[in-house]
Amino acid sequence: MRADPLSAAPAGATTAAPAPAPGPPGPSALSLRGATLRYGSRAVWSDLDLDVAPGEFLAVLGANGSGKTSLLRVLLGQQALATGSATIAGRPVRRGGRGIGYVPQQKGLDPTTPLRARDFVRLGIDGHRWGPWLPSRSATLRVDAALAAVGATGYARTPVGTLSGGEQQRLRIAQALITDPAVLLCDEPLLSLDLHHQQSVSALIDRRRRESGAAVLFVTHDINPVLPYVDRVLYLAAGRFRVGPPEEVMTSAVLSELYGSPVEVVHSGGRLIVVGGAAPSEHPHCGAHDEGRVA
Amino acid sequence: MIRLAVDSPGGILRSIVDFSDYGELLPLVQNSLLAGALLGLVGGLVGVIVLARDLPFAVHGISELSFAGAAAALLLGADVVLGSVVGSIVAAVLLGVMGVRARDRNSAIGVLMPFGLGLGVLFLALYPGRSANKFGLLTGQVVAVDDPQLHWLAGISVVVVLALAVAWRPLLFASLDPEVAAARGVPVRALAPAFMVVLGLAVAMSVQVVGALLVLALLVTPAAAAVRVSASPVLVPVLSVAFALTAMLGGILLALGSRVPISPYVTTVSFLIYLVCRLVGARRLRRARRTPALQPA
């Protein structure tokens, strides 16, 4: 059995930010139709219909094993759907498709990594191409622009491995957006960043999606750092899902129905805290930012 | 072979460094110098990827199996270079199959390495020929590079350098940031075994000249020195090759006037370069760490 997804029609209109209103008019940046993902006989999620408009900020929430990462793998063309279709900017997803920029979670690069910040960003243009690294004037100009757009010009020539986690995430965003993708896929990009960097990186993603028109798919276990920017939430749980604006999805009633067990959403000091649910604990190392996930 | 003459005071020193008869000796080692230059080029380039993929231990493991292959070839009267190439490739394939994840890989290497070394020792013990050949495989040989061997080395170098030239960017991308590289369409999984084969070839080459025990001095140390002083993706391979060439050719020229095998010279020059780079780089990396804080973010 599956929950029928909430209608997404009025989404975005209720958020304070003047984000482009998602909905039927205009082509979608990202579109899933009747998408079902199976591992063996187990359906991770089924009949998922989703349209994300250009410039829209969609947060993907859910417990461990609810298929958040699998959804990313589907969109990256690394995982095939059992049924249904997935398209990016109107084209079927494929491995290495140019329509997607990907920002993974921060992991420390070795200090002796043989790349400077600007070389790291340039990987986004031609890192996948065969052949040695040749100087290119147009690449240099594009990298300069990308660095300026994320405020990283000051450390353009610094070895990337010696930069802080927040600075490295800025570079990852620049690298992911340098080819003007239709969709920016973020997989827990704030994990292991301190609060200050969480805020500045979230704000940067918000600003860059408005400037570039890229739709943001933001996978996270904690919605709070990005709550001011989120247009809609895709909440995955127990093989079911809900899509809608945060104030419609992140309620005790909706999440209780989704999980099939009592869940309470507590508003505390502008933050959302989800209590209860049948989810196993995830990210045990980051107890400090547990709010917003099912505990 | 390593018999130090202590018949007169200073005899030991002279057996380590002795530049009399240098002019007559030089033509004899022309092949070795050429081999050394090829090796410096290949070792310097491969080393950059070896470090990026965190494979120094694998280099050591492969070199022991390469040694076993060479020793087997010696015993059977087959071509020694061919034997060492076969040993290397077998090791590279085995490591590729046994250990995809770093943890598995390291234990696989730990298991394979002594087995390879043991096999090699067995084959050498059974080999009735000159003992110089035996030691050469482990610790290197300076005048022993003959024409057929040089042709082998040149052929392998061309293959390795071409393969690296084609795959350099995606290989570096896949090594430093596999997830994003995969998302960008780099065939991350296929590149891993492909590079192991290239690495196997480079190791087999090195075993011929510096010996199985000291391959790391050529395939790891120069690149490790280079990344200490630069983070430029162009300068690092250039420096790494320059360091490897200096160690190789310098080592051969120093070894020329002595009765000691070539490897201690190569490893010492290589190590000194690393020490200097580490000192210079310590200042640079500290400064680099401070710089961003001074800039408006």
It is to be established whether one or more residues within segment A:236-243 are at pLDDT below 90 and in a loop (DSSP other than H, G, I, E, B). yes
It is to be established whether one or more residues within segment A:29-47 are within 14 Å of chain B (Cβ to nearest Cβ), in contact (Cβ under 8 Å) with a residue 12 or more places away in the chain and either more than 30 Å from B:Val229 (Cα to Cα) or crowded, with 17+ Cβ neighbours inside 10 Å (or both). no
Filtering segment A:95-108 down to residues that are within 7 Å of chain B (Cβ to nearest Cβ) and part of a loop (DSSP other than H, G, I, E, B), which residue is modelled with the lowest pLDDT? A:Gly96
For the structure I just gave you, tell me whether A:Leu81 is among the aliphatic types (A, V, I, L, M), surrounded by 19 or more Cβ atoms within 10 Å (Cβ to Cβ), part of a loop (DSSP other than H, G, I, E, B) and at pLDDT below 95. no
Go through (1) more than 22 Å from A:Ala29 (Cβ to Cβ); (2) not in a loop (DSSP other than H, G, I, E, B) and name the single condition A:Gly124 misses. (1)
With the requirement that a residue be small (Gly, Ala, Ser), more than 8 Å from chain B (Cβ to nearest Cβ), open to solvent by 20 Å² or more (accessible area, probe 1.4 Å) and not in a helix (DSSP H, G or I), what does segment A:145-198 give you? A:Ala182, A:Ser192
Which members of segment A:109-123 meet the condition of being among the acidic types (Asp, Glu) and at pLDDT below 90? A:Asp110
Could you check segment A:108-139 and list, in sequence order, the residues that are surrounded by fewer than 17 Cβ atoms within 10 Å (Cβ to Cβ) and free of Cβ contacts under 8 Å to residues at least 12 places away in the same chain? A:Arg129, A:Trp130, A:Gly131, A:Pro132, A:Leu134, A:Pro135, A:Ser136, A:Arg137, A:Ser138
Taking A:Arg240, is it surrounded by fewer than 23 Cβ atoms within 10 Å (Cβ to Cβ), more than 20 Å from A:Asn64 (Cα to Cα) and basic (Lys, Arg)? no
State the number of residues belonging to segment B:155-173 that are among the aliphatic types (A, V, I, L, M), facing another protein chain (nearest Cβ under 9 Å) and crowded, with 20+ Cβ neighbours inside 10 Å. 3
Could you list, in sequence order, the residues of segment B:266-297 that are open to solvent by 70 Å² or more (accessible area, probe 1.4 Å) and modelled with pLDDT under 70? B:Arg286, B:Arg287, B:Arg289, B:Arg290, B:Ala293, B:Leu294, B:Pro296, B:Ala297
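Conditions (1) buried (at least 16 other Cβ atoms within 10 Å of the Cβ); (2) among the acidic types (Asp, Glu); (3) modelled with pLDDT of 85 or more; (4) part of a loop (DSSP other than H, G, I, E, B), marked per residue:
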| residue | (1), (2), (3), (4) |
| --- | --- |
| B:Ala5 | no, no, no, yes |
| B:Ser8 | no, no, no, yes |
| B:Ile12 | no, no, no, no |
| B:Pro27 | no, no, no, no |
| B:Ala35 | yes, no, yes, no |
| B:Gly43 | yes, no, yes, no |
| B:Phe57 | yes, no, yes, no |
Please go through (1) within 14 Å of the chain's Cα centre (by Cα); (2) crowded, with 23+ Cβ neighbours inside 10 Å for A:Asp206 and return the number of the only condition it doesn't satisfy. (2)
Within segment B:99-114, does at least one residue satisfy the condition of being closer than 30 Å to A:Trp130 by Cβ, among the β-branched types (Val, Ile, Thr), modelled with pLDDT of 90 or more and under 18 Å from the mean Cα position of the chain (by Cα)? no
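A quick yes/no check of all residues on (1) modelled with pLDDT of 90 or more; (2) in contact with a Phe, Trp or Tyr (Cβ under 9 Å, 6 or more places away or on another chain):
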residue: A:Ile125; (1), (2): yes, no
residue: A:Pro132; (1), (2): no, yes
residue: A:Pro135; (1), (2): no, no
residue: A:Ala152; (1), (2): yes, no
residue: A:Pro159; (1), (2): yes, no
residue: A:Ala215; (1), (2): yes, yes
residue: A:Val219; (1), (2): yes, no
Determine which member of the set A:Ser66, A:Ser70 is modelled with pLDDT under 85, away from chain B (no Cβ under 14 Å), at negative phi and open to solvent by less than 30 Å² (accessible area, probe 1.4 Å). A:Ser66
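The values are calculated or read from the model by the stated rules, or taken from the named source; none is laboratory data. Fair warning: this is a prediction, and the values are worked out from it, not measured in the lab. Neighbour counts are summed over all protein chains in view; Cβ atoms, including those assigned to glycine, are modelled from backbone coordinates with ideal geometry. To get the accessible areas, we keep the full protein, side chains included, count just its heavy atoms, and leave off ligands, DNA and RNA. Shrake-Rupley method; radii C 1.70, N 1.55, O 1.52, S 1.80 Å.
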